[in-house]
Amino acid sequence: MTRTNIVDAARVELLLNELRLPSIRLMWAKLAEQSDREGWPAARFLAVLAEHEMADRGRRRFERHLTEARLPAGKTLATFDFEVVPMVSKAQVMALASGDAWLEKGANILLFGPPGGGKSHLSAALGLALVENGWRVLFVRTTDLVQQLQIARRELALESAIAKLDRYDLLILDDIAYVTKDQAETSVLFELIAARYERKSMLITANQPFGEWGKIFPDQAMTLAAIDRLVHHATILEMNVESYRRREALDQKRGRGRPPTHATINKTEKADG
Ligand code: ADP
Ligand code: MG
């Protein structure tokens, strides 16, 4: 390198750092050498660098969104067996996974079913697919979020706490039915639902049908008002299947389905069904 080149190179490093272009900063020297050697047109050199920065930026954004989503690990659409929930259409779920049609208008998804039916798995898997498609998602246990909002309310910061959740295109509230009586009485959950109505989406899972939602909100009127807002633009999926864990355990016992990995088959045990 000539003296001017060395000075130029040092300046480029400083400028790229200042401009926050870490990928270009990492690549430019090697690519400049190749470009000089092979006589690239200047535009080509610049385009290759810009493409690297773009691609890395996309990857970094995805990593950030994945971390902030706090999805339970290992729950994907690929590992979800749609055959055990014939009432849920795989095609419909795959369409929802693109996000465009419903997240843009703040529509909701409600997932009903008994414990072990796959509600948390399916909602986490949908959340992951949406993050992969560029949406921002937060997965929380409903009681945890209610607790946080109650604290915010005590500090007179409920409004801003709810506003902060606006950055998520989708809020996944897992197990709404587990909200306790004292949590219900503060009505923070209602405030959240009302604030997001027709603007930002929610996916709510519940073991209990609407008829049993009375204890989630302080009174009947608020329960009805909450349900009304949630269902106004909503896809409702009912997963009325036997617990997947129980089913898997039984299948293993009968020697069907997947080969047993944990349980040992005890032939003398009475098969229940
Ligand atoms: P729920 O939230 O309805 O109580 P989970 O989603 O926690 O149920 O499911 C219980 C367990 O069974 C989890 O480990 C989940 O991954 C698994 N599971 C449930 N349904 C399915 C399914 N259809 N395909 C694959 N795994 C499933
Ligand atoms: Mg669950």
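Rounded to the nearest 10 Å², what accessible area does Tyr178 show when all protein chains are kept and the probe is 1.4 Å?
120
For region 1-146, evaluate the Debye formula with one uniform point scatterer on each Cα (no solvent term) and list log10 I(q)/I(0) at q = 0.11 Å⁻¹, rounded to two decimals.
Cα-only, vacuum Debye calculation for region 1-146: -0.63.
Can you compute the label reach from Ala225? Point 7 Å from Cα along the Cβ direction, backbone N cut-off under 17 Å, restricted to region 184-211.
Inside the label zone: 184-198.
Just the Cα atoms of region 109-161, one point each, no solvent: what log10 I(q)/I(0) does Debye give at q = 0.13, 0.15, 0.26, 0.30 Å⁻¹?
Treating every Cα as an identical point scatterer, log10 I(q)/I(0) equals -0.47, -0.60, -0.97, -1.08.
Students sometimes get this wrong: rank Val48, Val188 by accessible area, probe 1.4 Å, all chains present, largest first.
Solvent-accessible surface, decreasing: Val48, Val188.
In square nanometres, what is one fourth of the surface area of the convex hull spanned by the alpha carbons of region 26-86?
Value for region 26-86: 7.4 nm².
Kindly provide the helix-only [θ] at 222 nm of the chain, computed as the sum of -39,500 (n - 2.57) over DSSP H runs of four or more divided by all residues, to the nearest 500 deg cm²/dmol?
Helices in the chain give a 222 nm mean residue ellipticity of -16000 deg cm²/dmol.
Within region 124-163, report the GluC sites (Glu not before Pro) that DSSP leaves as loop and that have at most 12 other Cβ atoms within 10 Å.
Passing both the DSSP loop test and the Cβ count: Glu155.
By the scheme Lys and Arg +1, Asp and Glu -1, what is the net charge of all other residues having a beta-carbon under 11 Å from that of Lys90?
Local net charge: -2.
If you split all Cα-Cα distances of region 154-242 into 5 Å bins from zero, what percentages do you get per bin, shortest first?
Pair shares across the bins are 3, 12, 24, 27, 21, 10, 3, 1, 0.
So, with +1 on the Cβ of K and R and -1 on the Cβ of D and E, and no other charges, what is the size of the charge dipole of region 120-202 about its Cα centre, to the nearest 20 debye?
Magnitude of the dipole: close to 140 debye.
From largest to smallest, what semi-axes in whole angstrom does the chain give when each is the square root of 5 times an eigenvalue of its alpha carbon gyration tensor?
47, 29, 16
Amide H of Ala234: which non-local residues (sequence gap of 5 or more, or other chain) have their own amide H closer than 5 Å, using H built in the peptide plane?
Asn108
Under a 1.4 Å probe, what is the accessible area of the chain per residue, stated in Å²?
59
At a probe radius of 1.4 Å, what is the per-residue accessible area of Met222, in Å² to the nearest 10?
50
The values are calculated or read from the model by the stated rules, or taken from the named source; none is laboratory data. These numbers were taken from a predicted model, which means no experiment stands behind them. Positions of Cβ are generated from backbone atoms using ideal geometry, with glycine treated the same way; all protein chains shown enter the neighbour counts. Each accessible area value is taken on the protein alone, full model and side chains, heavy atoms only, with ligands, DNA and RNA left out. Shrake-Rupley method; radii C 1.70, N 1.55, O 1.52, S 1.80 Å.
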